[in-house]
Amino acid sequence: MSRESAEKRVATLRTTLNHHNHRYYVLDDPEISDTEYDRLLRELQDLETEFKELVTPDSPTQRVGAAPLDAFNSVEHAVPMLSLDNAFGLQEVREFDQRIKRLLKTEDDIEYVVEPKIDGVAVELVYENGLFVQGSTRGNGQVGEDITRNLRTIKEIPMRLISTRAAPATRLDVRGEVYYTSSGFSALNKERAGRGEPLYANPRNTAAGSLRQLDSSITAQRPLHIFVHSFGQAAGYEFSSHWQALAVFRKWGLRVNPHIEVARSVDEVIKCCEKVVSLRDKLEYEIDGAVIKINSHDLQAQAGTRSRSPRWAIALKFEAKQATTQLLDIKIQVGRTGALTPVAIMAPVKIEGVEISRATLHNQDEIDRKDVRIGDWVVIQRAGDVIPEVVKVIESKRTGKETLFRIPEKCPECETTVVRLEGEAVHRCPNLSCPAQLKERIRHFASKGATDIEGLGVKLVDQLVASELVTTVADFYSLSKEKIAGLERMADKSAQNILTAIESSKKVDLARFLYALGIRHVGEHVARVLAGSFKTLENIKNADQEALEAVHEIGPQVAENVFQFFQEKKNVEIIELLLQRGVELQQAAEAQEQKFSGQTFVFTGGLNGYSRKDAEALVESLGGRTASSVSRNTDFVIVGENAGSKARKAAELGVTILSQAEFDEMVKSEEPPD
Ligand code: IVH
């Protein structure tokens, strides 16, 4: 090919690739297949290899990363990157509105824009005549670091702005937040743990760490995302309002968050803020508040700025999910399988309004890895429903008086020498009659997903075990009202209530019963799989490891544990006693079980009326399988509210997508699905 035609072809390819990049990464709406895209990219790469002088920094081929740097250069921001003043609570948002009205000398409602505050890393992107020329971190607000090469690897950042009727500004310093998704974060940490590398504390740090790589080919491998939310300098274009600026940014191909709204009064602002709060647990990325900005640029200018933050905006901060506190002691908790778990006892702190004074330290390896010592100041975090955990130690606060901790050699409950099996991270107490294990096994047996004996709290279990009224789970079914009422602080009526609850727990379905037995690795799901496949307890008891492993979803570890459990004479005796004392196993109805047989379901988004867990249990009770991600093996994807990428993936793979109403209909109908 001649140089001239190569030049033309290169230009065409770049325009085409930039267009498809925008469709794919910003609009989430690709027009061509990945293979087709790759083919075009390859053609461009080949031409650039042949005609090296045609390579330009904005070429789509330059997103893969460049040779490592020794250090980042400094970049001065043309307009300082300010930070935001904070409001803690909705009352302070109202006070902000009153301040604004005083400042603008008006009593009329002010129009605001309310947006999620993305918990990411602030960056500035400089576009000259539509071309991306430089990107930087916020730094101290005046001067940041030049991370242009790293930002180029983020496919959501256009190398060239799309020219519409609103031709891009001659110079635009647009600002935004680079972030990591929660799932991307977990996946990366999993990989790092596998390689024995230090883990990132949260998605924000992961994004920051990824952007600060001197070797941009590392950044290129990280799934970074961006939302733009403001700008510094904009020459050659007039925006009358923030809302308009965002709309124009979108047209130019920049990625703007979809959950941004205009609020015409402070009352509407409050409603929008509440909406943002409710989004928090549904989004694929972390947000740490809502940002409220005056919409009109004229009014923004009138309100003005302080030295570090504008007067026209405020951030309503969510309460932090992390907190700092002092670790006072480490106690050992003995679980039902004898596992010894070190638990951090801390000076109480509140996270999201919940007081926390205990956090798990998992095992000795984790304590060693994080170098946690008694007396240390630590960062703890609470995510969703999970048990709080110690994230890291604040080493700068060490005084030298901290003490190292080692898991004891003897079980703190029964003094038996603890063991650590090869390949296991946990230490265990091997004594099956250890009272601590017994209490946990009993609690588990009576828990909600198991036999569900209502009113059996921790205290009562302790009393029943201490008085030796209950020495195995079978003893529940030989308790009398008199025996229970004989316990300290136990009224007749409460004793009767417990007895009634025990009586009604006698009818239990096979899956729950299996789960209640507390076999290692047999959670609620595995128990349902086993029950569905073997139908009777006898069949499971008689199955050898091979037969167990032949069941879909049952791996060698589960198979071995189940098999071993039924080899133990004591376990079989307890089961026989349970049955003798009136426990009646209910088999799931045959017809129902078959309805979703062989079908795999994936749920995405929020469901109305039941939790994700309930929905999955429902599918499984009807013989179906559930999975957490969409693949070619998925038969149905049920799309709830605010569904994310799974729905898109389903569409791409041609998997049947159902609304919740359609799914409910399917559950009710007599016919098995096609
Ligand atoms: S506007 C002068 N909008 O929060 C106001 N900032 O704590 C410019 N941030 O430095 C920022 N989400 O990096 C704005 N929707 C959003 C934001 C946002 C996150 C960051 C931003 C800023 C920091 C202030």
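What follows draws every value from the coordinates through simple rules; no lab data is involved. In this text the structure is predicted, and so the values were computed from the model without any measurement. As a convention, Cβ positions derive from the backbone with ideal geometry for all residues, glycine included, and neighbour counts pool all protein chains shown.
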For segment 318-334 and segment 297-311, what is the separation of their Cα centres, given in Å? 40 Å
Between segment 392-438 and segment 449-526, what is the C-alpha centre distance in whole Å? 29 Å
Farthest towards the positive end of the dipole of the chain, among 80, 243, 68 and with Cβ unit charges of +1 on Lys and Arg and -1 on Asp and Glu, lies the Cα of 80
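Let me spell out the model: positive unit charges on the Cβ of Lys and Arg, negative unit charges on the Cβ of Asp and Glu, origin at the Cα centre of segment 1-109. What dipole size does that give, in debye rounded to 20?
On the way: 14 positive and 23 negative charges, 43 e Å.
Charge dipole, segment 1-109, about its Cα centre: 200 debye, nearest 20.
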Place the peptides 34-41, 122-129, 519-526, 493-500 in order of packing, highest mean first, counting for every residue the other Cβ atoms within 10 Å and averaging per peptide. 122-129, 519-526, 493-500, 34-41
Distance in nm between residue 406 and residue 69 label points, each 7 Å along Cα→Cβ, equals 4.8 nm
Given charges at Cβ of Lys, Arg, Asp, Glu: the chain dipole, positive-most of 37, 660, 414: 414
Rank the residues 538, 389 as a footprinting-exposure proxy: fewest other Cβ atoms within 10 Å of their Cβ go first. 538, 389
Burial order of peptide ranges 449-455, 501-507 (average beta-carbon count within 10 Å, highest first): 449-455, 501-507
For the chain, what is the charge dipole size about the Cα centre, in debye to the nearest 20, if Lys and Arg each add +1 at the Cβ and Asp and Glu each add -1 at the Cβ? 1500 debye
Tabulate in residue order the Karplus-calculated ³J(HN,Hα) for segment 170-178, using 6.51 cos²θ - 1.76 cosθ + 1.60 with θ = phi - 60°, rounded to whole Hz; enter x for Gly and Pro. 5, 9, 10, 9, 9, 10, x, 10, 8
Enumerate the whole-percent occupancy of each 10 Å bin, from 0 to the last occupied one, for all C-alpha pair distances of segment 196-251. 18, 35, 23, 20, 4, 0
Fully extended, how many nm does the chain gain between residue 247 and residue 447 (0.36 nm per residue separation, minus their Cα-Cα distance)? 66.7 nm
How far is the Cα center of segment 142-218 from the Cα center of segment 1-58, in Å? 22 Å
Between residue 39 and residue 163, what is the FRET efficiency for a Förster distance of 22 Å, r being their Cβ-Cβ separation, to the nearest 0.05? 0.30
Contact order normalised by residue count of segment 30-136, Cα under 8 Å, 6+ apart, percent: 15 percent
Distant alpha-carbon pairs in segment 17-100 (separation over 16 angstrom), percent: 73 percent
Put +1 on the Cβ of every Lys and Arg and -1 on every Asp and Glu Cβ in the chain; which of 159, 434, 624 then has its Cα farthest towards the positive end of the dipole? 159
What nm value, rounded to one decimal, do you get for the distance between residue 573 and residue 417 when each label is placed 7 Å out toward the C-beta? 2.6 nm
Cβ-based exposure ranking for 163, 33, 210, in which fewest neighbours within 10 Å come first: 33, 163, 210
Once label points are set 7 Å from the Cα along Cα→Cβ at both residue 140 and residue 481, what is their separation, rounded to one decimal in nm? 7.9 nm
Using Cα positions and a limit of under 29 Å, work out the lysines in reach of residue 392, with same-chain residues fewer than 8 apart set aside. 117, 190, 282, 317, 321, 331, 350, 370, 401, 410
For segment 270-372, using Cα atoms only, the Rg and Dmax in Å read 21.3, 68
Ignoring everything except DSSP H segments at least 4 long, calculate the 222 nm mean residue ellipticity for the chain; use -39,500 (n - 2.57) per segment, divide by total residues, nearest 500. -10500 deg cm²/dmol
Over the chain, cysteine residues that find no other Cys C-beta under 4.7 Å are 272, 273
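What length, rounded to one decimal in nm, is gained on full extension from residue 545 through to residue 95, with 0.36 nm per residue of separation minus their alpha-carbon distance? Provide the component values of the computation, followed by the final result.
Numbers: separation 450, 0.36 × 450 = 162.00 nm, distance 6.74 nm.
Difference between extended and current length: 155.3 nm.
What does the highest-first list of 560-572, 615-627 look like by mean Cβ count within 10 Å? Spell out each step's value before the answer.
Numbers: 560-572: 15.2, 615-627: 20.5.
Packing proxy ranking, top to bottom: 615-627, 560-572.
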Once you have the Cα-Cα distance between residue 106 and residue 652, take 0.36 nm times their residue separation minus that, and quote the gain in nm to one decimal. 191.3 nm
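Taking other Cβ within 10 Å of each residue's Cβ, how do 345, 356, 294 sort, fewest first? Before the final figure, lay out each step's value.
Details: 345 14, 356 18, 294 25.
In order of increasing Cβ crowding within 10 Å: 345, 356, 294.
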Using the Cα centre of segment 241-305 as the reference point, and only Cβ charges (+1 on K/R, -1 on D/E), how large is the resulting charge dipole? Debye, rounded to the nearest 20. 260 debye
Could you tell me the ratio Rg/Rh of the chain? Both radii from Cα atoms, Rh via Kirkwood. 1.03
Enumerate the aspartates and glutamates that residue 483 could reach by cross-link, defined here as Cα to Cα under 20 Å, with residues fewer than 8 away along the same chain left out. 454, 462, 468, 475, 492, 503
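For an R0 of 30 angstrom, estimate the FRET efficiency from the Cβ-Cβ distance between residue 471 and residue 347 and round to the nearest 0.05.
Details: r = 38 Å, r/R0 = 1.27.
The calculated FRET efficiency here is 0.20.
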Taking a straight Cα-to-Cα line shorter than 13 Å from residue 275, and setting aside same-chain aspartates and glutamates fewer than 8 residues away, one finds 115, 261, 267
